[in-house]
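Take a look at the structure set out below.
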Amino acid sequence: MDALTATLALLRLEGIGPGLYWQLVERFGSAEAALQQSPQQLPRKLSPRAQAQLAELQRLALDSELGQWALAERERCAEARIFQLHCEDDGYPSLLREIHRPPPLLYVAGDPAALSLPQIAVVGARRASRAGLDNAEAFSADLAAAGFAITSGLALGVDASAHKGALRGEGKTVAVLGTGVDRIYPVRNAVLAEQIVASGGAIVSEMPLATAPEAANFPRRNRIIAGLSLGTLLVEAAVRSGSLITARLALEQNREVFAIPGSIHNPMARGCHHMIKHGAHLVETSADIVAQLGGLLSGMVEQQSLFDGLASPADQLSPQQRDIIAALGGDPRSIEQLARDTGGDTGDLMATLLHLELEGLVEQLPGGYQLTGSGAKTLAGLVE
């Protein structure tokens, strides 16, 4: 039995996860050696079913239930053109191998070489603001154009915007799933997943084929996102969120963490502020990240600023539109506050806000409005 088949069989044993897998390998030297031990020699008591599985494997080898499943899983992957990277393979990403007890096995749809590119993880809220989505896409496009692969989790919100930004920057992007690579989740991102693979990127998971989305799988997914990457960019996140877990894991793995600050009134900015207080680099443009990590790339092109190409020039705005953009500043404002700050008629103000919203410069929030990413650059043009 080779290393890959033995690893598949050991991980299939009921109750065995990556943590216990590594305990067994560290104690007995290999997955194959661990499978030859009696249940009494293992560091944790096995369930009755697991003991029966192990006994059958030792008696029948590849003709056992575990052996047959491992062979069938390899065949399913071969038929679907899905690569299986064992942690001892040369093609296994070296940065991921450095983390504590890395995934013993990776399933990869697309180009496995993408996993060894210099990567930056971009993570954030599923229900991000329009400004947060703009930031995720703009940063990712800039960084991808510079030669970094963008790594994220294919979730709705910031993750999807990060992948789209990388594609717009004509770069590579890696999506790490908490499901099997043949079961894209969420389903509405299935087309995006196809685009990622078609552009030379990769879809990756440590889960067996057909694994369904379960809550316990996603923290494991997050450690892979952080582990593959030189650094992690936190765009928007609540204080208690999966994105913040990814950022914390990156710090634990001695990787760089970057965070975009936001309004003190935006609950989705609090996670970023929390990480900045605990060691993350505050960043305002993609150039801030390149200055920290760019030395790791050779032949990197000079970076453009964060919002290049996203906003309408400030000189194309009417005086009332300029007043509203300036009044919004960096914080959300209510209609009443904007009317007071601009001195305008409420009816005219509503009409102008609608126009700015259609232009992608402002977005409506419960109780008020705030600038989008494009609007932020327009504001910068007004104050320069």
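The values are calculated or read from the model by the stated rules, or taken from the named source; none is laboratory data. Here the structure is a predicted model, which is why all the values come from computation and not from measurement. Note that each Cβ is placed from the backbone with ideal geometry, even for glycine, and that neighbours are counted across all protein chains shown. These accessible areas exclude ligands, DNA and RNA; they are computed on the full protein's heavy atoms, side chains included. Shrake-Rupley method; radii C 1.70, N 1.55, O 1.52, S 1.80 Å.
Summary table below
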| read-out | value |
| --- | --- |
| DSSP beta bridge pairing in the chain, given as percent antiparallel to the nearest 5 | 40 percent |
| Sites residue 36 and residue 216, calculated FRET efficiency, Cβ-Cβ separation with R0 35 Å, nearest 0.05 | 0.75 |
| Mean residue ellipticity (222 nm) of the chain, computed from DSSP H runs ≥ 4 via -39,500 (n - 2.57), nearest 500 | -13500 deg cm²/dmol |
| Rounded percent of accessible protein surface that carbon and sulfur make up, the chain, 1.4 Å probe | 50 percent |
| Dimensions (Å) - the range 331-384, Cα atoms, principal axes, largest first | 27, 21, 18 |
| Among 55-66, 266-277, the order from most to least packed when residues are scored by Cβ within 10 Å on average | 266-277, 55-66 |
| Rounded D (µm²/s) - the range 1-128, Kirkwood Rh over Cα pairs, Stokes-Einstein at 10 °C, 1.306 mPa s | 99 µm²/s |
| Rounded to 5, the percent of DSSP beta bridges in the range 72-152 classed as antiparallel | 60 percent |
| Cα gyration tensor of the chain - equivalent ellipsoid semi-axes, whole Å, descending | 48, 19, 18 |
| Pair residue 188, residue 335: separation of 7 Å Cα→Cβ label points (nm) | 2.7 nm |
| The chain - accessible surface per residue (Å², probe 1.4 Å) | 45 Å² |
| Length added when fully stretched, residue 47-residue 240, from 0.36 nm per residue minus Cα-Cα | 66.1 nm |
| Length gained when the stretch residue 98-residue 81 is fully extended (0.36 nm per residue, less Cα-Cα span) | 3.4 nm |
